[in-house]
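Below: one structure, written as structure tokens.
Rule-based calculations on the coordinates, nothing more; no lab input. Just so we're clear, the structure is a prediction, and the values are computed from it rather than from any experiment. Positions of Cβ are generated from backbone atoms using ideal geometry, with glycine treated the same way; all protein chains shown enter the neighbour counts.
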Amino acid sequence: MRTKIVAGNWKMNCNLDEALHLLNDLKLKDFSKADADIIIAPPYTNLYALHQNLKDSPIKLSSQNINENESGAYTGEISPDMLKSVGATYAIIGHSERRAIYNESDAKLADKATTALKHDLKIIFCIGELLEQRKADKHFEVVKAQLEKGLFHLNASDMKNVVIAYEPVWAIGTGETASPEQAQEIHEYIRQVLAEKYSQDVADQTSILYGGSVKPNNAKEIFAKKDVDGGLIGGASLDANSFAEIVMSC
């Protein structure tokens, strides 16, 4: 049975005091009946303090990015060992903002995936199409290429530590959302591509998250689709009440 996951990507938000306040609000929520693993991805500067405050909590920590090198003269970057030392167990790789704003290539993302997994970090690997690609009916082609170039150098055992997040770029921070039917269609296709590359068992065990303006009022309907295993949440993860409602929608 696949693991349900709800991950909150805080992006470049929350100084340390704000992060601790948000975390404390989350810790007051009763997640005992939640049918999902809960992950938050704060800025690097907040990871250690939040880790220290997550004792006896079901909430896990992720970084928002990672460097493909293990160490060296890479000013401003962060390595897998650094992330692990401050409590991170996951790393987000290939978020659309990293691809678009910082021009991260599929080859670079493949290297990041290799490095993270080598150092026993699980990864949330993001894929998804732009609006013009969706309008041109190229969304299947785009996500398949991103999977092939970013992940398919990995072997089947590596995939046990990979979570895929499908994020239609046109629905991130825009208020637009793929319909539950659109989300199911592309998630089902992603699972089919995984089965063709690896096996049906690998495909059936891989959690695939939806990431595109998920809110409390649409989460339940989206998460009810059979191939949607939770969400990668942006703006709504910055509000403890909203994020908790989304978690409980799984």
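Some observations on this one:
- DSSP bridge pairs, the chain: antiparallel proportion in percent, nearest 5: 0
- Of the residues Gln52, Gln200, Gln64, the one that moves most in a GNM of the chain with alpha-carbon contacts below 10 Å is Gln52.
- Under Karplus coefficients 6.51, -1.76 and 1.60, residue-wise ³J(HN,Hα) of segment 8-20 in Hz, glycine/proline x: x, 9, 7, 6, 8, 9, 6, 6, 4, 4, 5, 5, 5
- Stretching Asn24 away from Lys135 to a fully extended chain increases their span by 35.7 nm, per 0.36 nm per residue minus the current alpha-carbon distance.
- Cβ-based exposure ranking for Leu61, Leu232, Leu50, Leu131, in which fewest neighbours within 10 Å come first: Leu131, Leu61, Leu50, Leu232
- Counting only residues at least eight positions apart within a chain, or on another chain, the aspartates and glutamates with an alpha carbon under 15 Å from that of Lys29 are Asp37, Asp56, Asp239, Glu245.
- Taking a straight Cα-Cα cut-off under 13 Å and skipping sequence neighbours fewer than 8 places away in the same chain, the aspartates and glutamates within cross-link reach of Lys84 are Glu70, Asp120.
- Evaluated at q = 0.10, 0.15, 0.18, 0.20 Å⁻¹: base-10 log I(q)/I(0), Debye formula over Cα of segment 131-250: -0.30, -0.68, -0.94, -1.11
- Between Glu188, Glu97, Glu167, the Gaussian network model of the chain with springs among Cα atoms under 10 angstrom shows the greatest mean-square fluctuation at Glu97.
- When Ser237, Ser96 are sorted by how many other C-beta atoms sit within 10 angstrom of their C-beta, beginning with the fewest, the order is Ser96, Ser237.
- Centroid-to-centroid separation of segment 23-97 and segment 146-185 [C-alpha atoms, Å]: 20
- For segment 62-68, Karplus couplings with θ = phi - 60° (6.51, -1.76, 1.60), whole Hz, Gly/Pro x: 10, 8, 8, 6, 7, 8, 7
- Extension reserve of the Met12-Ala156 stretch, reckoned as 0.36 nm per residue once the Cα distance is removed: 48.5 nm
- Over 27 Å between alpha carbons, listed pairs Lys112/Lys226; Lys33/Lys60; Lys135/Lys225; Lys135/Lys160; Lys55/Lys122; Lys33/Lys112: Lys112/Lys226; Lys135/Lys160; Lys33/Lys112
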